[in-house]
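Enquirer: First, the structure itself, so that you have it in front of you.
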Amino acid sequence: MEDSFKHKGLRKKLVDEIRNKGIHDEAVLNAMNNVPRHLFMDNSFLGFAYVDKAFPIAAGQTISQPYTVAFQTQALQIKKLDKVLEVGTGSGYQAAVLCEMGAILFTIERQRSLFDFARILLPKLGYYPQFFYGDGYQGLPTYGPFDKIIVTAGAETVPPLLKEQLAIGGRMVIPVGERQFQVMKIITRNSEVEYSEEDGGNFVFVPLLPGLSDQNRTNP
Ligand code: SAH
């Protein structure tokens, strides 16, 4: 679990780069400066951990591009002790950034190998979200409502159950669109029945898939 001066130096440069790309929330930049992204990727990929790019992880998934993590986190307007739901734990990097900002986090992943990786790594770094192995389309009805919801995979439409689990006054950030690219939707719940929506530009995510990854296996 080494975080050397070299790692810290590379990370600071990356954070400066993200600031120059237009991220202005210092709390987000500060959290990203504190989370050692290289520990979320295979050791041999250190050279890639601090470039502003998405990168392949296990199970054909990706660790999101740092700029994208910064953009989604900034759009959420995280306050300490916000109750946050993340759909798509993946490497756990975005989860760590949210915990670093003081969120009370609930995170769901449908790929068993990624779920297992993140729930072991994050506590070692001092982050204690609640991990769920399941289908993020359903959200976590018994744990809601959530002040913030972040979806880190591209959805064809906004899952209705997630909208229902958003607290009044809460915000959801979700990339919506076809496979090639998605539009980042920032949705605010104004009342029991009224939601408003802003577009935050185009991004590319792996798809949000239904069900569990091992549901059809004959030999679990
Ligand atoms: N937040 C992650 C990004 C991972 S990519 C990170 O920081 O690394 C998106 C993740 O969403 C993948 O791990 C994928 O397996 C997961 N995913 C896709 N569909 C899902 C669903 N229906 N429920 C839960 N997770 C899902």
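The values are calculated or read from the model by the stated rules, or taken from the named source; none is laboratory data. Bear in mind that the values here come from a model prediction, so they are computed numbers and not experimental data. Glycine gets a Cβ as well: all are built from the backbone with ideal geometry, and neighbour counts include every protein chain shown.
Enquirer: Which residue, of F115, F106, is assigned to a strand (DSSP E or B), in contact with a strand residue (DSSP E or B) (Cβ under 6 Å, 6 or more places away or on another chain) and at negative phi?
Expert: Values: F115 fails: assigned to a strand (DSSP E or B).
Testing whether each residue is assigned to a strand (DSSP E or B), in contact with a strand residue (DSSP E or B) (Cβ under 6 Å, 6 or more places away or on another chain) and at negative phi leaves just F106.
Enquirer: Can you go through L76, L81, L85 and tell me which one is under 22 Å from Y143 (Cα atoms), surrounded by fewer than 19 Cβ atoms within 10 Å (Cβ to Cβ) and more than 9 Å from the ligand (Cβ to nearest atom)?
Expert: L81 is the lone residue from the list that is under 22 Å from Y143 (Cα atoms), surrounded by fewer than 19 Cβ atoms within 10 Å (Cβ to Cβ) and more than 9 Å from the ligand (Cβ to nearest atom).
Enquirer: Does any residue in the range 152-163 that is under 14 Å from V193 (Cα atoms) come within less than 9 Å, Cβ to Cβ, of a residue that is of a type in the set (D, E, K, R) and modelled with pLDDT of 95 or more six or more places away or on a different chain, and which pairs are these?
Expert: K163/R189
Enquirer: When you scan the range 191-203, do you find a residue that is within 16 Å of the ligand (Cβ to nearest atom), without any contact (Cβ under 8 Å) to a residue 40 or more places away in the chain and surrounded by fewer than 15 Cβ atoms within 10 Å (Cβ to Cβ), even just one? Please lay out each step first, then the result.
Expert: Start the filter on the range 191-203 by keeping residues that are within 16 Å of the ligand (Cβ to nearest atom), which leaves 203.
With without any contact (Cβ under 8 Å) to a residue 40 or more places away in the chain added as a condition, the list becomes none.
So far as the range 191-203 goes, no, none of its residues is within 16 Å of the ligand (Cβ to nearest atom), without any contact (Cβ under 8 Å) to a residue 40 or more places away in the chain and surrounded by fewer than 15 Cβ atoms within 10 Å (Cβ to Cβ).
Enquirer: Hey, another quick one. Of the numbered conditions (1) within 16 Å of the ligand (Cβ to nearest atom); (2) within 17 Å of the chain's Cα centre (by Cα); (3) at pLDDT 95 or above, N33 satisfies every one except a single condition; which is it?
Expert: Of everything listed in (1) within 16 Å of the ligand (Cβ to nearest atom); (2) within 17 Å of the chain's Cα centre (by Cα); (3) at pLDDT 95 or above, N33 misses just condition (1).
Enquirer: Of the conditions (1) closer than 25 Å to P207 by Cα; (2) modelled with pLDDT of 95 or more; (3) within 12 Å of the ligand (Cβ to nearest atom), I63 clears all except one; give me its number.
Expert: Unmet for I63, out of (1) closer than 25 Å to P207 by Cα; (2) modelled with pLDDT of 95 or more; (3) within 12 Å of the ligand (Cβ to nearest atom): (2).
Enquirer: Also: Which of the numbered conditions does L140 fail, given that it passes all the others? Conditions: (1) part of a strand (DSSP E or B); (2) within 24 Å of F117 (Cβ to Cβ); (3) more than 10 Å from the ligand (Cβ to nearest atom).
Expert: Exception for L140: condition (1).
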